[in-house]
Structures are given as structure tokens and as C-alpha cells.
Protein chains: 2
Amino acid sequence: MRGSTMTILLHVTGMDRAAWLAAIKAQAPRLEVISAADTDRFAEIRRAWVWKPPAGLLGQLPNLELIINLAAGVDAILADATVPKHLPILRAVDPNITMRMTEWVVLQVLFHHRQMPAFMDQQKQRVWRELPQKAASALTVGILGMGVLGQSAARALAGLGFKVIGWSRTGAQPLNEFLGQTDILVCLLPFTPETKGLISYELLRQLNRGGPLGAPVLINGGRGGSQIGADVLRALNDGTLGGASLDVFETEPLPEGSPFWSHPKVIVTPHVAAYSDPEAMTAHVLEQLARHEVGGTMAPLVDRARGY
Amino acid sequence: MRGSTMTILLHVTGMDRAAWLAAIKAQAPRLEVISAADTDRFAEIRRAWVWKPPAGLLGQLPNLELIINLAAGVDAILADATVPKHLPILRAVDPNITMRMTEWVVLQVLFHHRQMPAFMDQQKQRVWRELPQKAASALTVGILGMGVLGQSAARALAGLGFKVIGWSRTGAQPLNEFLGQTDILVCLLPFTPETKGLISYELLRQLNRGGPLGAPVLINGGRGGSQIGADVLRALNDGTLGGASLDVFETEPLPEGSPFWSHPKVIVTPHVAAYSDPEAMTAHVLEQLARHEVGGTMAPLVDRARGY
């Protein structure tokens, strides 16, 4: 910023805007932050800091040079036909977010592995009863999506003794082989035309049915569009799945009438697995921009061809 | 066993005796297993495989040479004045148990760190709301008891980004300094005259009150006698503690009338944190005994002077 002032657009759907403003003010006081309501100043904007911007907004910024996406998923931006395709999109996945997702995945895997749903049920009924619990090494966690998030979760789970296998669309292993070995399926896939609706009843039916938990478990920390909600419910209700921890849904916020809320086998968290702490994220974005200013590479930029 | 048969006593209070019998039969078919009811055969017994044997039982075995304790805590045996003090006690803490305790501790730390009590409450009310969540590095986990179990839990928690500090009775750090830095207190202490009732209201009052969780959390996977239950309840009720995960209690099974069962801030598990899988434990004990037969050292033996 070299002493000058720069105007940016900040638009963070569903996030705490005040927290972002405070973080930017504290760490980059020369950034002038405007909102989507300041239409008369749109020509000043070269950089937009956004999360799930409404369709059409970015296309109204004539001098936009860079889009900074303040979390992992970029599907809202890629689906917006008004966004010029040449614009680079910085996907801010800082180490903090990666560890955050790893924490959530490890938590949910251990929660099912250590029979917490059954123990919490026993607690409600004041029942003191040991339940058989196999070693982590007796379980295979299958991770769908082996990007930065998937690899980090895999390392942490392997460190706790779980067998971990990974599947990615670019790998050689057939999906059905991967599923047949998997006791706990962890989905960390981005949302693309190829992953849309991938987690179907047909897919869930192929998970290992002979594992120590009695029935396989689904953990989705990726994107809600990857799962067909009705299929997940069907699998839970007929015993194809023994349980699920879901942070993402086809429609968010999850509608009040959704059966997921009260399903006895389901843990619902409100898209917080990779919660973006505005302070940590702002520091990360500023570091990326500073590198760019001196001719370095910003990473990771979105690849439109891959869709994420 | 070199082709010969050996008679052992198996007495596993509160554990699944049939599972132990099956594991021993499968892995050591020449061991003849008798129970506390076979009093006329007590003279044959040189080795006793036990968990929480009733006071007086071991003292009735005139030719006993070795006590094999099938979990970590040996307080029931040390408190039994009829057990000859020269008898070696093998405390079977196999790597499986250590990892098991590590899993439980990591699970409970993440459960509180990632606000699962609040999110599960929101789920019940069908509320979709993000809650601020600091990075693991903003929290300090203080581990009381840095033996094999404590060190393993510390490594796993540090790997997830938590600040971890440890305290042991033999260390140099004053307890109040340790407590003042601690946001989540994990107790993995053995039960000895020195640890009895250590976790008092007075102690809990010294935990860090300025941490990111709002109030400190107690996680006890050690021994119930280390905590004064009434004091823990008082601390939970007046906000000195923000939550607790308790696997152990002064009286076990936890009495049906205990307020812990229904306390909204408490997770109760029925002394299963370091669940002993009979198959894995039997393999471990047999390995230790085989080493002993060829003149090697069994580890770890109980040190009566230390009390564990």
C-alpha cells in the first residue's frame, strides 16, 4: 500500500461484517472499505473481499482486478456469469482454516468411534454401562477429496491410529473399491458440476457394512451440494448409515422444518467446521497481497477449468 | 508355558468376564482359568489376572507370585492389607490403552473447544447460528499428571495446535502458576493419598478465567477419588467452571440419583476412557510374561512407595 489509500469492497454474506471491519481497520488502516450499497464508488474498486457475493454484484465493478474469496468454496462466484472469466480469484485458505477443519473432522470421527451418541443417550437415561470399543486401528476412515484440507485431516487421523485412505477424482482407484473399505466416510470435496449430488443412496450403500461400528458413518465438512439430503435421510432411516455429522446442507441456513435437526443419529453444526476467524484471515490475505506487490505468487488461485 | 498347564485366577469386577475368557482361550489355550468361587484350588494359583479384586481375595492365595492388574489404577490392590507387600504387581498399560485414553482426551478437549455443547443445544432448538471460535493456539490445555498417558495426550493435543502445559507432583512448577494459565484442565492422575480430593473448589477457582471459552473446563479421565464431586458441582453451578467431561467418579457406578447425570454442562462416560479391549490386553500381558520367562524385565511394575 506504500503510503497510499486503496478502496476495497467488503461483502461477507452470513459472516460477521463488524468483525471483518475491525480486523481490517486494525491490520490495514489505509484500506478504505465500502459496501455493496456505495454504488457511486464502484469505479474505485480494484479488489473485492467477498464471501458468497450475490449474483451480479462483482460484474458491476468496472475496474476490478482481483477477487479475494474469504473461505474455501468459490461456487457462488463461478456460478455468476457476470464475473469476467479473466479475473484472478484468490481463495483464502490459511493454515488456520486448515487446522480448523482438521479439528472438526477429528472431533466428529472420534465422536462416532468412541460411541458418544450411545453414551450420551445412556447419560440421559442414567445408565452406567461399558460398550465394546475397538481400537482406532480397527477402523478405516475414507476421505473423499484429498486437497489441502483432506491431507491435513488424514495426517491427524493417522496419528491417532486410524487406518486412513483417500480418494480424489484425479486418482487411479475406483470409487467402489474405496467405499467398500470405508467405515467412516469424510467428505471434504469442493462443489463442482462433478461432485454435485455425488453422495447418493447408491454411493452410501457401497460403504463397508462389516466394520466395528456396526454400520458406516458419514461426515460432511465439504459442501452441502455434494450430498442428496433425501438420500442421506433414507440411508440413516433404513440402517444403511449408523450416524452422520453434517456441517453443510443443500440449503443453508438449514430450514427449520428439516428432518435433520431432530434426527437421533445426526449431529448438525451450522457451517462452522472451517470457521474463518476474521483476524487470522485478514493477516493471511494481507500477506498474500504483500507478496503479490513485490512480484511473488499468490497461492492458491482458483482454477476455473477444474471448477475450484 | 513350554507345554505345561498353568492355573490362573481371573477376577474382573465390572468388566466382561466372557470376553476375557474368550481372549485367553484363543491366545493361551494352556492357561487354566479359575474364578474366586473355586476356593479349593487356590493353592494352585501363582498368577492372578485382576481388575478391582474385592479386599481379601488375593490374600487367600498362598502361592501367589505375581498380580497382573488389567488396567492402570492399582488403588484397590494397594488398599488391601491382606496382599503381601513383596508381591510384584504388573500394571498392564499397553500402547492400546494409552492411545485409547489419548483419543478420549482429544475428543473431550475438541468437544468443548469447538463449542459442541452450545451447537448441540442450538440443534435441539433448530437454530442455525455461527459462534465465534478461536484457534486451538489461543487455548492452553493443562495436564495434571504427566506419566505415559499424560505425555501421549500432550503430544496429540500439541499436534492439533493447542498450547499444552503439564504438571506433576515431582516437577518444579508451583501448582497455582500452572492453574492460572490453564483454560482446559485435563486430569490423568493416579489415585494416591496425595491426589485424593485434590480437585477441590479451591483448586478450580485458580484456573484461568480470561480464556477464549469464557470459563475453564474440567476433563477427568484419571480417577474419581481425585475430585471432590460436590466441589465440581458447586463450580459448575456458580460459573467457576464452564463445563466438564467426567469419565470417573468418587462412587462407581455413578449412583442413579447423582446430579451429574442431568447436569446441562456435564458429559458423563462410564469409566471407558481407557477401555481395556480383552484381546489387545491379553496379547500385551502374554508378551510381558514371555519376556519375564526368559529373564527380561516386565514393565511397568507398580512402585508401592509412590503408590502407583
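Quick check: anything in segment A:236-243 farther than 23 Å from A:VAL109 by Cα and not in a loop (DSSP other than H, G, I, E, B)?
Quick first cut of segment A:236-243, residues farther than 23 Å from A:VAL109 by Cα only: none.
The answer is no; no qualifying residue exists.
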Check: If you go through segment A:117-150, how many residues are within 17 Å of A:PRO212 (Cβ to Cβ), within 8 Å of chain B (Cβ to nearest Cβ) and touching a helix residue (DSSP H, G or I) at 6+ places or on another chain (Cβ under 7 Å)?
Finding: 3
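For segment A:233-260, how many residues are among the aliphatic types (A, V, I, L, M) and more than 18 Å from the chain's Cα centre (by Cα)? I'd like the intermediate steps shown before the answer.
Our first condition is that a residue be among the aliphatic types (A, V, I, L, M); within segment A:233-260, this holds for A:233, A:235-236, A:241, A:244, A:246, A:248, A:254.
Pick out the ones that are also more than 18 Å from the chain's Cα centre (by Cα) and you get A:233, A:235-236, A:241.
Residues in segment A:233-260 being among the aliphatic types (A, V, I, L, M) and more than 18 Å from the chain's Cα centre (by Cα): 4 in total.
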Next item on the list: Report yes if B:HIS292 is surrounded by fewer than 17 Cβ atoms within 10 Å (Cβ to Cβ), at negative phi and either part of a loop (DSSP other than H, G, I, E, B) or of a type outside the set (D, E, K, R) (or both), otherwise no.
Entry: yes
Checklist line | Residues of segment A:270-283 that turn out to be at pLDDT 85 or above and farther than 17 Å from A:LEU21 by Cβ, as a count | finding: 5
Notebook entry, point to check: Of all residues in segment B:265-278, which are in contact (Cβ under 8 Å) with a residue 40 or more places away in the chain and over 13 Å from the mean Cα position of the chain (by Cα)?
Noted result: B:LYS265, B:ILE267, B:ASP277, B:PRO278
Next item on the list: Collect the residues in segment B:35-49 that are touching a strand residue (DSSP E or B) at 6+ places or on another chain (Cβ under 6 Å) and among the β-branched types (Val, Ile, Thr), keeping them in residue-number order.
Entry: B:ILE45
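Tell me yes or no: at least one residue of segment A:78-88 is touching a helix residue (DSSP H, G or I) at 6+ places or on another chain (Cβ under 9 Å) and crowded, with 20+ Cβ neighbours inside 10 Å.
Yes; the residues of segment A:78-88 include at least one that is touching a helix residue (DSSP H, G or I) at 6+ places or on another chain (Cβ under 9 Å) and crowded, with 20+ Cβ neighbours inside 10 Å.
Scan segment B:156-175 for residues that are within 14 Å of chain A (Cβ to nearest Cβ) and in contact (Cβ under 8 Å) with a residue 12 or more places away in the chain and jot them down.
Just the residues of segment B:156-175 that are within 14 Å of chain A (Cβ to nearest Cβ), to begin with: B:156-163.
The answer is B:ALA156, B:LEU157, B:LEU160, B:GLY161, B:PHE162, B:LYS163.
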Check: Any residue at all in segment A:59-73 that is surrounded by fewer than 19 Cβ atoms within 10 Å (Cβ to Cβ), within 19 Å of A:PRO190 (Cβ to Cβ), touching a residue at least 24 places away in the same chain (Cβ under 8 Å) and out of contact with any strand residue (DSSP E or B) (no Cβ under 6 Å at 6 or more places or on another chain)?
Finding: no
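Have a look at B:PRO300, B:PRO278 and point out the one that is within 14 Å of chain A (Cβ to nearest Cβ), within 28 Å of A:HIS113 (Cβ to Cβ) and not small (Gly, Ala, Ser).
Numbers: B:PRO300 fails: within 14 Å of chain A (Cβ to nearest Cβ).
Only one candidate passes the filter, namely B:PRO278.
Suppose we filter segment B:227-260 for residues that are aliphatic (A, V, I, L, M) and either within 14 Å of another protein chain (Cβ to nearest Cβ) or within 23 Å of B:ALA23 (Cβ to Cβ) (or both); how many remain? Don't jump to the end; show me each part of the working.
To start, the set of residues in segment B:227-260 that are aliphatic (A, V, I, L, M) comprises B:228, B:230, B:232-233, B:235-236, B:241, B:244, B:246, B:248, B:254.
Cutting the leftovers down to either within 14 Å of another protein chain (Cβ to nearest Cβ) or within 23 Å of B:ALA23 (Cβ to Cβ) (or both) gives us B:244, B:246, B:248, B:254.
Selection size over segment B:227-260: 4.
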Next item on the list: Output the number of residues of segment A:238-264 satisfying the condition of being closer than 18 Å to A:ALA118 by Cβ and of a type in the set (A, V, I, L, M, F, W, C).
Entry: 2
Next item on the list: Quick one: A:ALA290 ticks every box in (1) under 18 Å from A:VAL93 (Cα atoms); (2) under 14 Å from the mean Cα position of the chain (by Cα) except a single one, so which number is it?
Entry: (2)
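Would you call A:ARG100 at the interface with chain B (Cβ under 10 Å from one of its Cβ atoms), in contact (Cβ under 8 Å) with a residue 40 or more places away in the chain, crowded, with 21+ Cβ neighbours inside 10 Å and charged (D, E, K, R)? Give the steps one after another, and end with the answer.
Working: at the interface with chain B (Cβ under 10 Å from one of its Cβ atoms): yes; in contact (Cβ under 8 Å) with a residue 40 or more places away in the chain: yes; crowded, with 21+ Cβ neighbours inside 10 Å: yes; charged (D, E, K, R): yes.
Taking the combined requirement at face value, the residue satisfies it.
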Item checked: Search result, residues across segment A:236-255 that are exposed (fewer than 14 other Cβ atoms within 10 Å of the Cβ) and over 23 Å from A:LYS52 (Cα atoms) -> A:ASN237, A:ASP238, A:GLY239
Check: Which numbered condition trips up A:PRO54, out of (1) in contact (Cβ under 8 Å) with a residue 60 or more places away in the chain; (2) away from every other protein chain (no Cβ under 14 Å); (3) within 26 Å of A:ARG223 (Cα to Cα); (4) surrounded by fewer than 18 Cβ atoms within 10 Å (Cβ to Cβ)?
Finding: (1)
Margin query: Given (1) surrounded by fewer than 19 Cβ atoms within 10 Å (Cβ to Cβ); (2) more than 14 Å from chain A (Cβ to nearest Cβ); (3) of a type outside the set (Val, Ile, Thr), identify the lone condition not met by B:LEU9.
Written below: (1)
Check: (1) touching a strand residue (DSSP E or B) at 6+ places or on another chain (Cβ under 9 Å); (2) modelled with pLDDT of 95 or more; (3) in the same structural domain as A:CYS187 (by TED's automatic domain parsing); (4) buried (at least 21 other Cβ atoms within 10 Å of the Cβ): which one isn't true of A:MET120, the others all being true?
Finding: (4)
Next item on the list: Give segment A:261-272 a look and list any residue that's in contact with a strand residue (DSSP E or B) (Cβ under 9 Å, 6 or more places away or on another chain) and at the interface with another protein chain (Cβ under 9 Å from one of its Cβ atoms), or say none.
Entry: A:TRP261, A:VAL266, A:ILE267, A:VAL268, A:THR269
Check: So which residues in segment B:1-25 are aliphatic (A, V, I, L, M) and touching a residue at least 60 places away in the same chain (Cβ under 8 Å), if there are any at all?
Finding: B:MET15, B:ALA19, B:ALA22, B:ALA23, B:ILE24
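The values are calculated or read from the model by the stated rules, or taken from the named source; none is laboratory data. Please read all numbers here as calculations on a predicted model, not as lab measurements. So basically every Cβ, Gly included, is an ideal-geometry build from the backbone, and we count neighbours across all protein chains shown.
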